[in-house]
Every structure is written in structure tokens, then in C-alpha cells.
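Structure record follows, encoded as C-alpha cells.
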Amino acid sequence: MTIHSARTTVTLERPADVLKQLLHHLKEHDLTAERDADGGYLIRLDPDSHVRIGLTRETLAFEVCAPSPGKLYRFKEGVVDHLEDIAPQAAAELRWSGGDKAASGNSAVPTNFRKLALQRKSLPFDGMQRLTFSYENAENDLGKDGIHVKLLLPPDVAHPPVWPGVAANGKTLWPEGSRSLHARYYTLRHVRPEDGEIDIDIVLHSHGKIAQWALQAERGDILGLMGPGGGESVPPDARNILLAADETALPALARMLEALPPGCFGHALVALPEEARDYLPKTQIRLIHLTSQGFPEKVAELARQCAQIAVPDFCWAAGEFDTAQEMRKLFKHEFALPKGRQYAITYWRRGQEGDAGSPRARSQKVTPTTS
């Protein structure tokens with residue numbers, strides 16, 4: 001496996017104090033640091049990526065390693081973001097060596113940015129719009145760094161868009177004012193690198209800008225993409241699992257079911273209409289179907305019932321904010337599952353405008369917050 005790396009050193013008045021604050025800041029974001037053989041700190045971001053922090057009397061040194069340029073860019077930006085909260089001047093003056101030298105300076109686009117061109121549209125089921133896009137740099141497989149991407153909608157399709165740039169310290173420069181991009185996270189439902197195509201499934205509703213764009217878009221229309229990243233997979237040693245998804249999380253649930261480890265069993269609680277039963281792949285996981293309206297009211301109690309015989313060793317839930325919060329408490333406190341064995345993810349918030357929501361409850365104003 002090819003490993004890409006980048007390094008930087010920043011001079012500080014009290015680097016030990018900054019490091020202490022930085023390690024505390026990382027812990028608040030569920031990132032833990034361990035001492036390495038050289039006396040530095042190692043933060044493991046995933047099995048193949050890490051950040052190492054070294055300390056001297058006057059400096060902090062950062063080394064970022066990742067298996068792809070896209071991941072390297074994302075993790076470098078993460079270093080800047082975390083440092084910026086503690087030492088903004090040092091973060092602004094930070095400069096990287098190594099990595100993708102093309103993705104530096106205010107004129108470059110981020111390494112993980114691509115332009116998408118709409119090729120065709122279809123309806124997997126009523127209320128779900130599938131958009132098939134061609135994408136640039138098809139030789140760089142979009143599917144290998146995660147399953148979630150950020151779609152970027154220009155403010156006016158009649159004028160050339162201004163795409164993100166890259167600051168000298170590695171941060172993404174987003175266009176502002178009248179050129180601001182509308183950005184929301186979605187799941188890569190299918191990736192076909194041999195064709196240079198991806199499918200993205202979008203819940204149709206009346207309050208989302210990208211959902212409305214999807215209804216009107218024609219072949220050749222352009223969106224931007226940043227990513228991919230994220231994607232909580234079932235651990236290879238998991239056996240008894242519990243998954244829960246409202247309609248906004250169905251594409252992510254489908255991806256998880258397609259990648260189940262062998263010998264895995266359990267339950268999936270899904271807000272899936274009767275006519276959409278074929279949307280999810282057939283597996284040994286038992287599907288329990290709920291209505292969109294009944295999902296937030298019943299999903300936690302049904303999860304408890306599923307766990308009565310044996311508590312799952314992995315749990316995942318995604319949907320509206322309040323439901324995700326309830327499921328998080330259930331997984332952490334009642335099921336006592338540790339970090340990495342349970343996820344509860346907010347895709348939208350009831351009462352806010354945005355780009356996710358139930359096609360069966362279109363009067364609600366909703367927005368995704370993360371994916």
C-alpha cells in the first residue's frame with residue numbers, strides 16, 4: 001500500500017501548553033493520543049492513517065500519513081482546524097512539506113474536489129430520486145476513501161460557479177457572499193470507476209435546495225463534490241448487530257448491508273415503504289419495517305426488544321437529531337457498548353430547512369447536519 005505523508009513545524013511561545021490543550025481538544029472529538037517510542041504522540045485516525053505530534057522547547061511538529069491524497073488533504077485540514085481553535089496565528093502561518101504540492105496556494109482546488117456532470121435520473125421508489133453523475137479523474141476511485149460526499153450546489157446555475165480553493169496553510173477556501181455554495185452530505189450509493197460514474201440517491205421533499213435541483217436538473221448540469229469520507233462499517237468480528245435507519249439513511253444502510261462480514265446476524269429497523277422492499281440487499285439480517293411517522297416513536301423500544309435475548313455487539317442508527325440522541329443513549333448506557341462498537345448519527349433536524357427528510361412527511365422542514 002502506498003502511504004502519502006506531509007509534515008509541518010510551528011514555532012510557539014509555550015508549545016507544551018498548546019500541546020496539552022490540543023490533546024484535550026482532540027479527546028473532546030473522540031480522538032485519543034498515545035505516546036510513541038520517540039516520546040511524541042500518535043493519533044490513529046483509521047487503520048491506515050495517523051497524525052504524529054512531536055514536541056521541542058520551541059516547536060510542535062506534525063506528520064500526517066494516509067493511504068490516498070484525498071485522505072491526506074482531509075487530515076491535514078483537520079490539523080489546521082484543531083490548531084486554529086487554540087493558536088490561530090500559528091495555524092495561519094503553518095506550511096506543509098510533502099504531500100500534494102499541486103493542492104497548495106489560493107488558486108488550486110482541493111485534492112478531494114471533483115466536478116460532477118449529470119448523466120441520467122431514475123426513481124428507485126416513490127420519493128427517492130437517483131442521480132447518476134460522471135466525474136473527473138475516474139482513474140482515482142471515488143469509492144476507496146469512504147461512502148459519504150459533500151455535494152456543492154452553485155448559487156446560480158446560469159453563471160459559472162466559483163469552486164473552493166486552498167489556502168497556503170492547507171485549509172479549504174470557500175467562496176463567500178453571492179458566490180457561496182450550498183453544501184450538504186450524501187451517500188455514494190454506487191461507484192463504477194470503470195465507467196467514471198456514481199449514483200447518489202436523494203430523498204425528495206419540498207424544502208431542500210439540492211432536492212429541488214434534482215427535480216429540475218437535466219443531462220449535463222454540473223454540481224461540485226468534496227470527499228469522500230466517513231462511513232461506519234460493521235467490524236469484521238461483529239456477530240450480533242442492530243441497525244436502524246429512517247428514509248434519509250437508507251442509502252447508507254444499503255452500503256452497510258452489502259459489506260457485512262461473514263457469519264453476521266441481527267436486526268435492521270427501517271422506515272421503508274412497502275413498494276420499496278427491493279431497495280435493500282437481501283442478507284441474513286432480519287428487517288423490521290416501520291412507517292416514516294412511526295419510526296421515531298417506536299425504534300428505541302423495538303431495539304430494546306431485539307436485545308432481550310442477547311445485547312448486540314455492534315449498533316448503528318441514523319436519522320433525525322432527536323431520534324439519534326435517544327439511540328445514542330440507548331447504545332452507550334443501556335447496551336454499554338464502547339466507542340467503535342456503536343454509532344448514532346444525525347442526518348437532519350426537525351424544524352430546520354435543508355436537504356433531508358421523509359417524502360411521506362413533506363410538511364416538515366428539515367436539514368442534515370452530518371453523515
State, to one decimal in nm², a quarter of the convex hull surface area for the C-alpha atoms of region 1-49, i.e. the direction-averaged projected area.
4.5
Could you give the size of the charge dipole of the chain about its Cα centre, using +1 on the Cβ of each K and R and -1 on the Cβ of each D and E, expressed in debye and rounded to the nearest 20?
200
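Applying a 10 Å radius around every beta-carbon, put 25-34, 84-93 in order of their mean neighbour count, most first.
Values: 25-34: 12.3, 84-93: 15.1.
With the highest mean Cβ count within 10 Å placed first, the list reads 84-93, 25-34.
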Provide Rg over Rh for region 204-307; use the alpha carbon set for both Rg and the Kirkwood Rh (inverse mean inverse pair distance).
1.03
Alpha carbon centroid spacing (whole Å) that separates region 20-53 from region 131-207:
30
Cα-projected label distance for residue 278 with residue 156, points at 7 Å along beta-carbon direction, nm
4.5
Helix-only estimate, please: 222 nm mean residue ellipticity of the chain, summing -39500 (n - 2.57) across DSSP H runs of length 4 or more and dividing by its residues, to the nearest 500.
-6000 deg cm²/dmol
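Just order 220-233, 66-79, 289-302 by mean Cβ neighbour count inside 10 Å, highest at the front, would you?
Numbers: 220-233: 18.9, 66-79: 22.8, 289-302: 16.4.
Packing order, densest peptide first, comes out as 66-79, 220-233, 289-302.
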Give, as a single signed number, the net charge of other residues whose beta carbon lies under 12 Å from the beta carbon of residue 335, with Lys and Arg counted +1 and Asp and Glu -1.
+3
Running Debye on region 277-344 with equal point scatterers at the Cα sites and no solvent, what base-10 log of I(q)/I(0) appears at q = 0.19 Å⁻¹?
-0.82
Using the alpha carbons of the chain, what is the convex hull volume per residue in cubic angstrom, as a whole number?
153
Binning every alpha carbon pair distance of region 70-209 at 5 Å from zero, what are the percents per bin?
2, 9, 15, 19, 19, 16, 10, 6, 3, 1, 0
Counting only other residues whose beta carbon sits under 12 Å from that of residue 253, what net charge do I get with K and R as +1, D and E as -1?
-3
Sorted largest first, extent of region 236-355 alpha carbons per principal axis (Å)
39, 33, 22
What full-extension length gain, to one decimal in nm, is calculated for residue 84 and residue 209 as 0.36 nm per residue of separation minus the Cα-Cα distance?
41.9 nm
Over 24 Å, how big is the tail of the calculated P(r) for region 1-138, in percent of all Cα pairs?
41
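Every number here is computed from the coordinates shown, using simple stated rules; none is lab data. These numbers were taken from a predicted model, which means no experiment stands behind them. All Cβ positions, glycine included, derive from the backbone under ideal geometry; neighbour counts span all protein chains shown.
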